[in-house]
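Beneath this line is the structure, given in structure tokens, with notes to follow.
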Amino acid sequence: MNDDSSASALAESLRGELDRFSPGAKLPSSRALVERFGVSPVTVSRALATLAAQGLVVTRPGAGTYRAAEGTATATAVDTSWQQVALTAEDPDVAPRVVDASGVLGCLVGPPQGVIPLNGGYLHPGLQPERALGAALARAARRPGAWERPPLEGLTALRNWFGREAGVPPAQVLITSGGQAALTTALRALAAPGSAVLVESPTYPGALSVARAAGLRPVPVPLDADGVRPDLLADAFEASGARVFFCQPLFQNPTGAVLAAGRRRQVLDIARAAGAFVVEDDFARRLGHGDPLPPPLVAEDPYGTVVHFASLTKPTSPNLRVGALIARGPVMERLRAIQVVDSFFVPRPLQEATLELVGAPSWPRHLRAVTAALRERRDAMLAALRHRLPELVPDPVPTGGYHLWLRLPDGTDETALTGAALRAGVAVAPGRPYFPAESPAPYIRITFAYTTGAAEITEGVRRFEVALRETAPAL
């Protein structure tokens, strides 16, 4: 069984082996299953979840997975095959929805014990402001009216805080439940099912998942070291008829590129000429490595072309899911209406705690600490690559963010490499899911934020070298 094997096939294999275990007995660890079947941790997690849903196993966080006691499994299997028809019977004239979370699960599902996570998408717990977050929550709970329903658009003080950086008033800001929710709201508001949406290529897999789940057609626009290529962007608008372009101008995920100063106005002018919106994902603004940062695109847009969103999740904790959408003109009312229909509003206690956090004296100190830590970890990863795999060192080196995008030798099998890396004790992200169409070459993304520091990064790169030399024919 290889890494492409479905979770259902793995679940079927494990179901056939359950008789070997007495009720209450512990099953092999996730890591052992990964190594035995040659699949990813995500596949193992899905397979075990399937067995748990059928009452065959019980999972205990931090302890493992156990065979369920007799009598807990469903007595009679339910025939749900009709759902395959119901979930796919759609209008043939509209692009089909493809609901696939695999592009983001790699960053959300933790690796097995003992595996160094060079695929994480958040700060290591040691870098998260846990004490400050706890204090902010405690103070927020004591605020007058903390449990009253908030304004649907969000607390004015919080909207004003997000708006200051973009130079807009609070009326042009909508508080959201993090960046992913903001992205989902934006694409649903701006593009009709069946239409095209332009995306950088490569791009954030979560954006591709959102677009396809909404019935949109992602159309790639290639990047270079200076960000998206304006000439190809104009061609893509003309060829596709798209009215939306999703981009990450600052420390782009996965390449780390920053949109060059000379291209910023070009991108806005091209989109405006096409009568289109630019959806700006500013996820990494507080993840710089110390160099001065350009302002967000929305700050340079007087026409309402840019729909901007940002979040505080990346520089704090995956649990602080608070962000903001910024837009000018009638589109703001549509954004607001879609969010109200979907989720009503962001809980007020969370908004109050966010205000407490960013207003505390510890907030700027935390951001400085994150800047220093990310720079240190990036440099450690670069040093390890220069020592062991100098041909993979990226050029130019990213000046912000938490990852490196590595071009692999021609002919490298990304799936085989990620499987070999897990067996060697390190988790990395294959490049294929970052491309909306065919991948032009093999790539891998390795991250340094969710590590304990330089020593773990150095060991992780050593393990990655072992896997790469095992699988790359041209190395």
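Observations on the structure shown:
- Any hit, the range 345-356, residues being surrounded by fewer than 23 Cβ atoms within 10 Å (Cβ to Cβ), touching a strand residue (DSSP E or B) at 6+ places or on another chain (Cβ under 9 Å) and among the aromatic types (Phe, Trp, Tyr): yes
- Yes/no for Glu165 being at pLDDT below 85, of a type outside the set (A, V, I, L, M, F, W, C) and over 30 Å from Gln54 (Cα atoms): yes
- Among the residues listed as Ala337, Ala360, the single one being out of contact with any Pro (no Cβ under 6 Å at 6 or more places or on another chain), among the small types (Gly, Ala, Ser) and closer than 30 Å to Pro117 by Cβ: Ala360
- Test result for Ala383, over 29 Å from Phe37 (Cα atoms), surrounded by fewer than 23 Cβ atoms within 10 Å (Cβ to Cβ) and not charged (D, E, K, R): yes
- Some residue of the range 238-260 being surrounded by fewer than 19 Cβ atoms within 10 Å (Cβ to Cβ), within 30 Å of Leu374 (Cβ to Cβ) and free of Cβ contacts under 8 Å to residues at least 40 places away in the same chain: yes
- Put simply, of Gly178, Gly121 the only residue that is of a type in the set (Gly, Ala, Ser) and not assigned by TED's automatic domain parsing to the domain that holds Pro302 is Gly121.
- Verdict on Arg368 being assigned to a helix (DSSP H, G or I), more than 30 Å from Gly154 (Cβ to Cβ), out of contact with any Phe, Trp or Tyr (no Cβ under 9 Å at 6 or more places or on another chain) and among the basic types (Lys, Arg): no
- Within the range 371-393, being among the hydrophobic types (A, V, I, L, M, F, W, C), part of a helix (DSSP H, G or I) and in contact with a strand residue (DSSP E or B) (Cβ under 9 Å, 6 or more places away or on another chain) holds for Leu374, Met381, Leu382, Leu385, Leu392.
The values are calculated or read from the model by the stated rules, or taken from the named source; none is laboratory data. In this text, all values refer to a predicted model and were calculated from it rather than measured experimentally. Using ideal geometry, Cβ is built from the backbone for each residue, glycine included, and neighbour counts are taken over all protein chains shown.
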